[in-house]
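Report on the following structure.
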Amino acid sequence: MKAKTLKAFIDRETGVGYNVGDIYESGASERLDELAAGGYIAAIAPRSKKPPAAAASADKSAATKAEE
């Protein structure tokens, strides 16, 4: 899971430093919960694989104009 860094910190498990705005990635949900509780990170919602409706309708409009 990915999370955005809200406060700079050095991960005690890996020794890697993270600055504000960096992406923190870990498979350990307990560690993510611990960092989130401390205010260091905020989870990033996974993006949908579906294209946005506006982009899909724009593609259809372009295809219709090309056929004319």
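The values are calculated or read from the model by the stated rules, or taken from the named source; none is laboratory data. Computed from a predicted model, the values in this text were never measured in an experiment. In this analysis, Cβ positions are derived from the backbone assuming ideal geometry, glycine residues included, and neighbour counts consider all displayed protein chains. Quick note on the areas: whole protein, heavy atoms, side chains included, nothing else; ligands and nucleic acids left out. Shrake-Rupley method; radii C 1.70, N 1.55, O 1.52, S 1.80 Å.
Report the local net charge at S26: Lys and Arg +1, Asp and Glu -1, summed over other residues whose C-beta lies under 14 Å from its C-beta. So the surrounding residues net to -3. Take T14: with every protein chain present and a 1.4 Å probe, its accessible area is about 90 Å².
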